[in-house]
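**Q** One structure, as structure tokens, below. Some questions next.
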């Protein structure tokens with residue numbers, strides 16, 4: 001683990017210049033938040049041109065908490081200039097299935113050239129779509145109003161991401177996101193409930209949205225969707241064609257300790273409080289009159305694969321846990337010390353810790369060993385063979401810890417988001433696979449334990465876990481020679497379930 005960092009010198013020209021620019025912009029009234037109200041957001045309901053906002057800023061102390069963040073700040077901007085706003089991971093993909101989203105994503109790619117541009121450009125885009133939504137709303141055009149409010153909420157959430165502190169800007173963006181999503185709920189094509197699940201002392205609650213399928217009768221099955229480090233509850237269900245709702249399942253998209261709105265409420269992540277959150281949320285969910293308490297399952301993505309495993313370990317009644325995009329490496333060394341410093345900076349905000357030394361000590365105990373062994377429900381892990389944030393061998397290690405029925409679906413050449421390879425293009429669609437996997441679990445179908453490897457041609461090869469090393473791409477290249485010699489059972493091509 002990194003050792004204690006040398007204190008930053010009091011005089012730092014780069015930081016002083018950034019402090020001066022953000023401070024001057026604020027004094028001039030050009031920042032996102034000007035006093036109690038924002039001049040940018042006040043104009044969103046009018047026809048006046050949007051003013052040029054300054055980038056929402058963090059206080060210098062936050063910028064200095066992480067040594068690699070400060071040391072590589074210039075390099076970070078150079079990489080963004082070269083690669084665009086998705087230098088560390090694909091953060092615009094969530095816009096692809098929102099009407100108007102693909103065009104907005106393309107525009108953001110052309111306008112974002114450095115880190116400070118991210119929040120400013122997302123905010124500008126969000127305010128524009130909110131203004132359009134309000135006009136459609138005023139005209140009684142509920143369908144386009146729904147779509148514009150939904151898109152605006154996602155863009156406001158994107159504007160929050162680069163602010164790793166509860167600044168006035170972050171708080172206002174959070175309010176705008178919630179306001180727009182509330183208006184989307186008003187016009188949505190299915191029932192959505194804003195929920196607040198009591199958690200801990202002091203009257204604090206965990207915020208979320210319960211999405212109900214249409215044309216339902218009686219109690220319905222429900223999947224609790226646990227988001228990742230850089231995602232949010234607003235992305236927990238699609239505006240149209242949601243794979244779970246289409247199959248008659250409800251979705252609880254809820255943020256737990258450390259995540260987004262919980263961090264704003266100072267409900268920070270600890271080593272064990274997701275297990276505590278799991279108990280209260282599952283109890284709350286089971287008490288809902290239209291949710292079947294005997295058909296509840298978990299879905300998690302990225303950091304949600306770790307957190308979802310923690311939750312799955314505390315309740316044997318769950319019908320299944322399907323986790324995608326591995327984030328299961330003990331200590332998170334690869335993601336936090338070799339990848340972009342944005343990941344560790346964000347996680348520091350999740351924990352509410354003040355220094356990198358405190359976080360490094362926290363991460364020394366970050367492991368699923370002793371937790372995964374307690375999982376009793378069927379377990380699915382979907383990952384990329386070339387995951388740049390969690391090397392695939394840690395997925396195999398996690399599988400070794402599990403005694404419950406388990407499946408591991410690996411896509412050859414795919415990265416952390418389980419994308420970016422011919423295997424993901426030609427093989428089973430992950431969303432369809434997971435949705436059908438849930439359907440089988442809710443229907444009570446038995447699940448055989450196996451390792452599945454999707455090759456570049458889209459074929460799915462089944463392996464026993466004791467032969468997991470043979471599933472790696474280099475080993476697969478030799479399967480042809482082994483088959484000619486030993487003629488084992490041929491790999492099975494699995495169609496999309």
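**Q** Exactly one of these conditions fails for residue 310: (1) touching a helix residue (DSSP H, G or I) at 6+ places or on another chain (Cβ under 8 Å); (2) over 17 Å from residue 229 (Cα atoms). Give me its number.
**A** Unmet for residue 310, out of (1) touching a helix residue (DSSP H, G or I) at 6+ places or on another chain (Cβ under 8 Å); (2) over 17 Å from residue 229 (Cα atoms): (2).
**Q** A further question on this structure: Whether any residue in region 227-248 is more than 19 Å from the chain's Cα centre (by Cα), closer than 22 Å to residue 377 by Cα and modelled with pLDDT of 95 or more is what I want to check.
**A** Scanning region 227-248, I find at least one residue that is more than 19 Å from the chain's Cα centre (by Cα), closer than 22 Å to residue 377 by Cα and modelled with pLDDT of 95 or more, so the answer is yes.
**Q** Also: Would you kindly identify the strands (runs of 3 or more DSSP E) lying entirely within region 190-245 that contain at least 2 residues that are crowded, with 20+ Cβ neighbours inside 10 Å and touching a residue at least 60 places away in the same chain (Cβ under 8 Å)?
**A** Because the criterion is at least 2 residues that are crowded, with 20+ Cβ neighbours inside 10 Å and touching a residue at least 60 places away in the same chain (Cβ under 8 Å), the strands (runs of 3 or more DSSP E) in region 190-245 that meet it are 205-211, 220-226.
**Q** Can you tell me which residue among 418, 494, 474 is closer than 27 Å to residue 318 by Cβ and modelled with pLDDT under 85?
**A** Only one candidate passes the filter, namely 494.
**Q** Here's a follow-up. Tell me yes or no: at least one residue of region 138-149 is closer than 30 Å to residue 279 by Cα, surrounded by fewer than 17 Cβ atoms within 10 Å (Cβ to Cβ) and without any contact (Cβ under 8 Å) to a residue 12 or more places away in the chain. Steps first, answer last, please.
**A** In the first step, residues of region 138-149 are kept if they are closer than 30 Å to residue 279 by Cα; the result is none.
No, region 138-149 contains no residue that is closer than 30 Å to residue 279 by Cα, surrounded by fewer than 17 Cβ atoms within 10 Å (Cβ to Cβ) and without any contact (Cβ under 8 Å) to a residue 12 or more places away in the chain.
Yes or no, residue by residue, for (1) in contact (Cβ under 8 Å) with a residue 60 or more places away in the chain; (2) outside any helix (DSSP H, G or I); (3) under 25 Å from residue 164 (Cα atoms):
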| position | (1), (2), (3) |
| --- | --- |
| 350 | yes, no, yes |
| 360 | yes, no, yes |
| 370 | no, yes, no |
| 377 | yes, yes, no |
| 383 | no, yes, no |
| 393 | no, no, no |
| 413 | yes, yes, no |
| 416 | yes, yes, yes |
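**Q** Inspect all residues belonging to region 428-435 and state whether any of them is touching a residue at least 60 places away in the same chain (Cβ under 8 Å), outside any helix (DSSP H, G or I) and surrounded by fewer than 20 Cβ atoms within 10 Å (Cβ to Cβ). Spell out the reasoning first.
**A** So the first thing to find is which residues in region 428-435 are touching a residue at least 60 places away in the same chain (Cβ under 8 Å), and the list is 428-435.
Filter once more, so that each one left must be outside any helix (DSSP H, G or I): 428-429.
Subsequent filtering for residues that are surrounded by fewer than 20 Cβ atoms within 10 Å (Cβ to Cβ) retains 429.
Checked region 428-435: at least one residue is touching a residue at least 60 places away in the same chain (Cβ under 8 Å), outside any helix (DSSP H, G or I) and surrounded by fewer than 20 Cβ atoms within 10 Å (Cβ to Cβ).
**Q** Another question, if that's okay. Kindly establish whether residue 307 is surrounded by 20 or more Cβ atoms within 10 Å (Cβ to Cβ), outside the structural domain of residue 61 (by TED's automatic domain parsing), assigned to a helix (DSSP H, G or I) and more than 18 Å from the chain's Cα centre (by Cα).
**A** Judged against the criteria, residue 307 is not a match.
**Q** Also, quick follow-up: Filter region 167-189 for residues that are touching a strand residue (DSSP E or B) at 6+ places or on another chain (Cβ under 9 Å) and either within 20 Å of residue 249 (Cα to Cα) or part of a strand (DSSP E or B) (or both) and give the result.
**A** 185, 188
**Q** Could you tell me whether any residue of region 328-342 is closer than 30 Å to residue 444 by Cα, surrounded by 16 or more Cβ atoms within 10 Å (Cβ to Cβ) and assigned by TED's automatic domain parsing to the domain that holds residue 228?
**A** yes
**Q** Quick one: count up the residues across region 348-374 that are surrounded by 12 or more Cβ atoms within 10 Å (Cβ to Cβ), over 22 Å from residue 59 (Cα atoms) and touching a helix residue (DSSP H, G or I) at 6+ places or on another chain (Cβ under 8 Å).
**A** Qualifying residue count for the region: 8.
**Q** Being crowded, with 20+ Cβ neighbours inside 10 Å and outside the structural domain of residue 92 (by TED's automatic domain parsing), is that true of even one residue in region 173-181?
**A** No; the residues of region 173-181 include none that is crowded, with 20+ Cβ neighbours inside 10 Å and outside the structural domain of residue 92 (by TED's automatic domain parsing).
The values are calculated or read from the model by the stated rules, or taken from the named source; none is laboratory data. All values reported here derive from a predicted model rather than from experimental measurement. Positions of Cβ are backbone-derived with ideal geometry, glycine not excepted, and every protein chain shown enters the neighbour counts.
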